[in-house]
Amino acid sequence: VSSAMVEGPGATKNGRKVQTAVGKVLCAPVDLDSGNKPTIPSVAQELVGYTLVEAFTVGKELFLIFSKSFGGDGLPNQESRESALRLHFGMNGSLNTRKINPSWGNDKGYGVAPWKQKKASTLRLYLANQNNHVNNGSSEYLIIECWETNVSYPVSVSMARNKLMNNSSRDVCSSLFNAQDAFACLKKRGQRMYISDALLDQDICPGVGNIIKIESLHRAKIDPRRSVSSLSEGELRRVVKHTRQFSMDWLRT
């Protein structure tokens, strides 16, 4: 499968990478003796000291939820504030996570493709464990770095969570996917649409892009120019089946 377009499987894989950072604190990096001090995007500057508490995908979107407590430790009036970051990978976006330690010297970009190392990243976040995120020169960092990715900040935390709650049963890569929910939504919301357009509607079939659409319709033996209303119940269920099946096959590669 071509990797030129980031659809649900690619976004889900990126989300799984980021989930390894949940519980870590966003921090400003120390000098890595690389000749170039790492730059801190404005987004990261605002979130320094916040803990990554959730990371989840909804279709082609990846949401990072950060939280920070304000006020004295242990005080009953301590206030917790949350903030959310949204990543959308478009056609060619990518994400890498890796560990570094200032004692190792320069960040070698392990795991980053050579062509990416020469490109400016869209976003780079440095996270460390709760108990040693102060920049004392000894912290080990987990870097989350993105290229050619659309970054939205801030976004509504409640919107992100509602999207997860309301769309997961139709998300082609979600463990909560429910074929009946996907069928019912496709039949109701897509009734005045071509099946090819309905599949690409992210409110109906989160995670489906052109590749999944083409392959699933081909496997279901359905002409993409047919309207949803012209499909029999059996045909529509066949489309849902193959859309889910192909998406999961792709995710497992």
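The values are calculated or read from the model by the stated rules, or taken from the named source; none is laboratory data. As the structure is a prediction and not an experimental result, all values here were calculated from the model. Glycine gets a Cβ as well: all are built from the backbone with ideal geometry, and neighbour counts include every protein chain shown. All accessible areas refer to the heavy atoms of the entire protein, side chains included, with ligands and DNA or RNA removed. Shrake-Rupley method; radii C 1.70, N 1.55, O 1.52, S 1.80 Å.
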Test of understanding: among G49, G74, which residue is modelled with pLDDT under 95, touching a Lys or Arg at 6+ places or on another chain (Cβ under 7 Å) and at positive phi?
G49
Here the qualifying pairs (Cβ atoms under 9 Å; residues six or more apart or on different chains; first in segment 223-239 and in contact (Cβ under 8 Å) with a residue 40 or more places away in the chain and more than 12 Å from K188 (Cα to Cα); second of a type in the set (S, T, N, Q) and open to solvent by less than 50 Å² (accessible area, probe 1.4 Å)) come out as V239/S216
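Would you check if S216 is closer than 12 Å to G59 by Cα and touching a Ser or Thr at 6+ places or on another chain (Cβ under 6 Å)? Give the derivation first.
On the way: closer than 12 Å to G59 by Cα: no; touching a Ser or Thr at 6+ places or on another chain (Cβ under 6 Å): yes.
So S216 does not fit the description; no.
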Among the listed residues S156, S83, identify the single one that is more than 19 Å from A11 (Cβ to Cβ), modelled with pLDDT of 95 or more, within 22 Å of the chain's Cα centre (by Cα) and surrounded by fewer than 17 Cβ atoms within 10 Å (Cβ to Cβ).
S156
For segment 173-195, give me each residue that is open to solvent by less than 20 Å² (accessible area, probe 1.4 Å) and under 21 Å from D223 (Cβ atoms).
A182, F183, L186, G190, I195
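Just name the residue that is modelled with the highest pLDDT out of those in segment 24-46 that are open to solvent by 30 Å² or more (accessible area, probe 1.4 Å) and under 14 Å from Q130 (Cα atoms).
Initial filter on segment 24-46 (open to solvent by 30 Å² or more (accessible area, probe 1.4 Å)): 24, 28, 31, 33-37, 39-42, 45-46.
Remaining after also requiring under 14 Å from Q130 (Cα atoms): 24, 28.
Numbers: K24: 96, A28: 78.
Among residues in segment 24-46 that are open to solvent by 30 Å² or more (accessible area, probe 1.4 Å) and under 14 Å from Q130 (Cα atoms), the one modelled with the highest pLDDT is K24.
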For segment 52-71, enumerate the residues that are open to solvent by less than 30 Å² (accessible area, probe 1.4 Å) and either at pLDDT below 95 or aromatic (F, W, Y) (or both).
F56, F63, F66
